[in-house]
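Some notes on the structure that comes next.
The values are calculated or read from the model by the stated rules, or taken from the named source; none is laboratory data. Given the structure is predicted, the values throughout are model-derived calculations rather than measurements. When we count neighbours, we look across all protein chains shown, and the Cβ atoms used for this are built from the backbone with ideal geometry, even at glycine. Heads up: the accessible areas ignore ligands, DNA and RNA and are worked out on the full protein's heavy atoms, side chains in. Shrake-Rupley method; radii C 1.70, N 1.55, O 1.52, S 1.80 Å.
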Amino acid sequence: RFAYVNGRFVRHGEAAVHIEDRGYQLADGVYEVWAVFDGKLADAEGHFARLWRSLDELRIAHPMSEAALTMVLREAVRRNKVREGLCYLQVTRGVARRDHAFPNPAVLPSVVVTARSLDRAASEAKAAQGASVISVQENRWGRCDIKSIGLLPNALAKQAARERGAIEAWFVDDMGLVTEGASSNAWIVDAEGALRTRDTNANILRGVTRYTLLDVIRESGMVINEKPFTIAEAQSAREAFITGAGSLVTPIVQVDGVKLGDGKPGPVAKRLRALYIERARQKAV
Ligand code: PLP
């Protein structure tokens with residue numbers, strides 16, 4: 001396996017960044033994850049758009065052009081022989097003597113890219129069964145729209161989920177409303193049959209999978225209500241699912257130990273998963 005580190009591909013096991021990389025010491029960096037279908041990048045544009053925005057919001061220089069970065073990502077996918085899987089990119093503010101404030105003059109950002117294969121047949125089988133989520137209290141910072149590598153609350157939430165046999169943890173805000181998952185956006189088909197997901201004006205990540213799925217939903221004539229929901233609403237919903245580059249569209253059949261309906265993935269979630277994957281495959285570059 002190979003990883004790209006600051007301008008070159010090296011053996012994955014030997015890939016390293018400096019101990020004073022600000023990503024390592026201060027989580028001063030951002031990342032993106034692309035789903036890979038047939039060796040191609042899914043939702044490429046959307047992930048790039050969000051990457052540039054995350055970097056701009058943090059005043060980290062763009063390490064290279066979109067064209068050049070696309071070539072690096074593709075090369076990482078090719079060298080690792082990934083047909084179905086994920087491609088990860090991380091950009092940090094760079095290496096500098098430890099100081100909370102930015103290095104002055106600025107240093108070159110650090111760039112790391114990895115790619116790995118996934119067993120899509122296994123995830124298809126899992127999706128067909130449906131998964132569980134648990135809820136945790138929202139405890140993240142006020143800029144969750146930036147895809148920061150500072151993921152400690154997300155890691156702790158995910159671990160809590162895993163310890164309870166769930167695949168995801170949903171953060172719940174002070175109003176009792178679900179914000180999003182530790183690494184996915186949250187959706188339900190409510191008791192009235194309406195599709196609901198939280199609007200992105202709130203403090204959540206603007207999921208690229210979420211946006212593509214919204215297009216798919218509108219094109220297929222379904223109605224979407226961008227309105228948040230409570231855990232109780234999710235528990236009495238007809239269906240629930242999560243979206244993300246890793247989970248694609250994964251049906252949720254249990255919320256905090258309460259089964260949704262008959263405890264099986266619902267027709268809307270199943271249909272949206274199929275439609276999303278079809279679209280993503282078609283448009284992958
Ligand atoms: N919300 C959070 C906190 C995430 O980390 C992610 C992705 O990993 C998502 C939502 C889903 O975003 P995307 O669909 O762009 O992968």
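Having 1 or more residues that are within 16 Å of the ligand (Cβ to nearest atom) and under 19 Å from A280 (Cβ atoms) is the bar; report the strands (runs of 3 or more DSSP E) wholly within the stretch 1-79 that clear it.
Values: elements: 2-5, 8-11, 29-37.
Filter on the stretch 1-79 gives 29-37.
Within the group V216, V136, which residue is within 15 Å of the ligand (Cβ to nearest atom), under 26 Å from R271 (Cα atoms) and β-branched (V, I, T)? Working first, answer last.
Values: V136 fails: under 26 Å from R271 (Cα atoms).
That would be V216, the only listed residue that is within 15 Å of the ligand (Cβ to nearest atom), under 26 Å from R271 (Cα atoms) and β-branched (V, I, T).
Pick from V285, V249, V258: which is in contact with a helix residue (DSSP H, G or I) (Cβ under 6 Å, 6 or more places away or on another chain), closer than 27 Å to K40 by Cβ and open to solvent by 10 Å² or more (accessible area, probe 1.4 Å)? Steps first, answer last, please.
Working: V249 fails: open to solvent by 10 Å² or more (accessible area, probe 1.4 Å); V258 fails: closer than 27 Å to K40 by Cβ.
Unique residue meeting the criteria: V285.
Modelled with pLDDT of 95 or more, surrounded by fewer than 20 Cβ atoms within 10 Å (Cβ to Cβ) and over 23 Å from L86 (Cβ atoms) - does that describe any residue in the stretch 143-152?
Yes, the stretch 143-152 contains a residue that is modelled with pLDDT of 95 or more, surrounded by fewer than 20 Cβ atoms within 10 Å (Cβ to Cβ) and over 23 Å from L86 (Cβ atoms).
If V36 satisfies all but one of (1) of a type outside the set (D, E, K, R); (2) touching a Ser or Thr at 6+ places or on another chain (Cβ under 7 Å); (3) buried (at least 19 other Cβ atoms within 10 Å of the Cβ), what's the number of the condition it fails?
Here V36 meets the rest and fails (2).
From the list A127, A169, A115, exactly one residue is in contact with a strand residue (DSSP E or B) (Cβ under 6 Å, 6 or more places away or on another chain), within 13 Å of the ligand (Cβ to nearest atom), among the aliphatic types (A, V, I, L, M) and open to solvent by less than 10 Å² (accessible area, probe 1.4 Å). Which is it?
Numbers: A127 fails: within 13 Å of the ligand (Cβ to nearest atom); A115 fails: within 13 Å of the ligand (Cβ to nearest atom).
A169 is the lone residue from the list that is in contact with a strand residue (DSSP E or B) (Cβ under 6 Å, 6 or more places away or on another chain), within 13 Å of the ligand (Cβ to nearest atom), among the aliphatic types (A, V, I, L, M) and open to solvent by less than 10 Å² (accessible area, probe 1.4 Å).
Output the residues belonging to the stretch 172-199 that are buried (at least 24 other Cβ atoms within 10 Å of the Cβ) and either outside the structural domain of R143 (by TED's automatic domain parsing) or closer than 20 Å to A232 by Cβ (or both).
Within the stretch 172-199, V178, E180, G181, N185, A186, W187, I188, T197 qualify.
Just the residues that are farther than 9 Å from G130 by Cβ, within 16 Å of the ligand (Cβ to nearest atom) and assigned to a strand (DSSP E or B), please, taken from the stretch 242-271. So that I can check it myself, show each step before the final result.
Initially, the stretch 242-271 is screened for residues farther than 9 Å from G130 by Cβ, giving 242-249, 255-259, 261-262, 267-268, 270-271.
Now narrow it down to the ones that are within 16 Å of the ligand (Cβ to nearest atom): 242-249.
Passing the criteria: I242, T243, G244, L248, V249.
Identify, from the list D190, D199, the residue that is over 22 Å from the mean Cα position of the chain (by Cα) and in contact (Cβ under 8 Å) with a residue 12 or more places away in the chain. Break it down into steps so the answer makes sense when it comes.
Numbers: D199 fails: over 22 Å from the mean Cα position of the chain (by Cα).
Every option except D190 fails the conditions.
Scanning for something within 16 Å of the ligand (Cβ to nearest atom), of a type outside the set (G, A, S), touching a strand residue (DSSP E or B) at 6+ places or on another chain (Cβ under 7 Å) and part of a loop (DSSP other than H, G, I, E, B), does the stretch 182-198 turn up at least one residue?
yes
Just one of A161, A157, A202 is at pLDDT below 95 and either assigned by TED's automatic domain parsing to the domain that holds D56 or outside any strand (DSSP E or B) (or both); which is it? Even if it seems obvious, please write down each step before you answer.
Working: A161 fails: at pLDDT below 95; A157 fails: at pLDDT below 95.
When all the criteria are applied, what remains is A202.
Which members of the stretch 1-56 meet the condition of being among the aliphatic types (A, V, I, L, M), closer than 15 Å to Y88 by Cα and in contact with a helix residue (DSSP H, G or I) (Cβ under 9 Å, 6 or more places away or on another chain)?
A3, V30, V33, A35, V36, L41, A42, A44, L51
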